[in-house]
1. Could you list, in sequence order, the residues of region 14-29 that are touching a helix residue (DSSP H, G or I) at 6+ places or on another chain (Cβ under 8 Å) and surrounded by fewer than 17 Cβ atoms within 10 Å (Cβ to Cβ)?
2. Take the residues in region 178-189 that are touching a strand residue (DSSP E or B) at 6+ places or on another chain (Cβ under 9 Å) and open to solvent by 10 Å² or more (accessible area, probe 1.4 Å); name whichever of them is nearest to Gly242 (Cα to Cα).
3. Would you tally the residues in region 30-69 being open to solvent by less than 40 Å² (accessible area, probe 1.4 Å), more than 30 Å from Trp233 (Cα to Cα) and assigned to a loop (DSSP other than H, G, I, E, B)?
4. List every residue pair whose Cβ atoms lie under 8 Å apart, where the two residues are 6 or more positions apart in sequence or sit on different chains, the first residue falls within region 413-433 and is over 14 Å from Ala448 (Cβ atoms) and in contact (Cβ under 8 Å) with a residue 40 or more places away in the chain, and the second residue, located anywhere, is charged (D, E, K, R) and not in a loop (DSSP other than H, G, I, E, B).
5. For the list (1) surrounded by fewer than 24 Cβ atoms within 10 Å (Cβ to Cβ); (2) part of a helix (DSSP H, G or I), I need the number of the one condition that Ala367 fails.
6. Give all pairs with beta carbons closer than 6 Å in which a residue from region 343-360 that is farther than 21 Å from Leu118 by Cβ meets a residue that is of a type in the set (S, T, N, Q); count only pairs at least 6 apart in sequence or on separate chains.
7. Can you find, within region 442-473, the residue that is nearest to the chain's Cα centre (by Cα) among those that are open to solvent by 10 Å² or more (accessible area, probe 1.4 Å) and of a type in the set (Val, Ile, Thr)?
8. Counting only residues that are among the charged types (D, E, K, R) and in a helix (DSSP H, G or I), which one in region 382-426 is farthest from Ala444 (Cα to Cα)?
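The values are calculated or read from the model by the stated rules, or taken from the named source; none is laboratory data. Just so it is clear, the model here is predicted, and its values are computed rather than measured. Using ideal geometry, Cβ is built from the backbone for each residue, glycine included, and neighbour counts are taken over all protein chains shown. When the accessible area is computed, the model is the full protein with side chains, heavy atoms only, and any ligands, DNA or RNA have been set aside. Shrake-Rupley method; radii C 1.70, N 1.55, O 1.52, S 1.80 Å.
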Amino acid sequence: MMQTHSNLFSDEQMRDFIVNGYVTVKTELPRSVHETIYRKTQEYTEKEGNLGNNIFPRVPELQAVFEDPVVRGAFTSILGQNYVMHSHRHPHRNAPHSGGQGFHKDSYWGHQKVRHHLPRWAMAFYYPQDTPVEIGPSAILSGTQYYSNRITENNDGETALNGEAGTVSIIHFDLWHRAMANQTDKTRYMMKFQFIRLDEPQEPEWNVENTKWETDGLDENGNLAAKRHETTWRHVWKWMAGDSNGHVGQQANGNLEKHIEALSDEDPTVRSDAADELGLLGESASDAIPMLSETLRDNYEPARLNAAYTLGAIGEPAVSALIEKLSDENGPTRRMAAYGLAAVGEPAVPALCEALEHENDGVRVEATYALAQIGSTAESAVSALIERSEDSNVEVRRYIPEAFGAIGASAAPAVPTLIDRLANDDDVQVRFESALALAQIGPASSDAIPVLKDSLSDKNRYVRDNSIHALKRIGTPEAESVLFDYLLMARWCSITNSESTF
């Protein structure tokens, strides 16, 4: 059991984050710090326009917000001790009497990635001013980080993330959210920052008291805009606790046939709940594999999501059925099969390595994505992934470095491949995924220092950013020298402007 630290999450807070997709904390900073941040942001925005990614160096007082022990404790609990801040930052201005936004998920800076159910990425929404509902805070649809589509209409089920100055809401990167209407004469600012997990969890990094997933109280949670996904939640909990072993399900106790029959019910909620209940049975639900496989095609996303994670909970007996669905003509079905295979984990790796050779592009895409989600226990796939690194399909090439990064230091044999992709791939997303993977592999990436140095001049800002993280993580004198030389050249003076040039 970890040593208790006051600013890390409790089991209850971690469970709430897994279920709801957000948590709200408040910094311990004096109000004057937030007033300074608001004043500077307002002044600079009026003169210079939106500060975009430069909001952090332009308003350096923001560093105190993200160094605050409460904020650091929350991010450490979710993303691990070695999490890093992404260079994409944005001050969101909600003008007086604005109409607000529609619900959306953030893109990856214009690029496409399969949504992560596991919290490898997170965002912070920080308010430098008091933000009651009438000034237009951000709102979220709790629990919807696991959905590609919305299941509620209009703004039904939304939760306002309102709070006093200094409030920081940390959300799963893929949670549905929006800006609410500003009904006042005041301008509301919200600073959005993104963060990345660099290391796969090996043990709980919160104040764990009970490593077992507890369900007490979940039925009473009236704030969810999503359906129940206990099998999915339990999978995420176990991953965050560093537990890669399959769980032992309950005995069927005569309920198996009832739940299988309910998978065909006309009511989509009944189908969804039945799939979830089967997940609690683990391998004891093996007889349900054929029906669950068909439920991956359900037109109701909560039902097919539950079917995917229930097949994952059944484990190795479900692998062949899931692999078959990777070549389904229906895109959402293929994606759910990939989620299920990722949930199976290590027992699915040999079959996924075979799928990397499939002639169908879509199968290879989903197979590489699933291996990336399995992470550290997919070490045996490294050589097969290396062989596909120059795949003709760009999506395959994008998920291969992501897989190496998730596998971590054990993917060191892939460093020459990542060096080649970072230096030579014409797809920018392949390059920034390769640089990030080198950061995640860490010191074993030292042979990449020359190409990382060159990548500090890449035309894409995020390739540069990930190269910086990689050099820092490598940490040798050579890497630090390259990094310092670049940072001295690129350093920003926060008080230089058109009115004060020297």
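1. The first filter runs over region 14-29 and keeps only residues touching a helix residue (DSSP H, G or I) at 6+ places or on another chain (Cβ under 8 Å), leaving 14-15, 17-19, 21, 23, 25-29.
Hits for region 14-29 are Lys26, Glu28.
2. Here the answer is Arg178.
3. Total meeting the criteria: 3.
4. Gln429/Arg398
5. The number of the failed condition is (1).
6. Asn360/Ser327
7. Result: Ile468.
8. The initial filter retains those residues of region 382-426 that are among the charged types (D, E, K, R), namely 387-388, 390-391, 395, 397-398, 402, 420-421, 425-426.
Next, only the ones that are in a helix (DSSP H, G or I) stay: 387, 395, 397-398, 402, 420-421.
Working: Glu387: 20, Glu395: 26, Arg397: 22, Arg398: 21, Glu402: 17, Asp420: 16, Arg421: 17 Å.
Per the criteria, the residue is Glu395.
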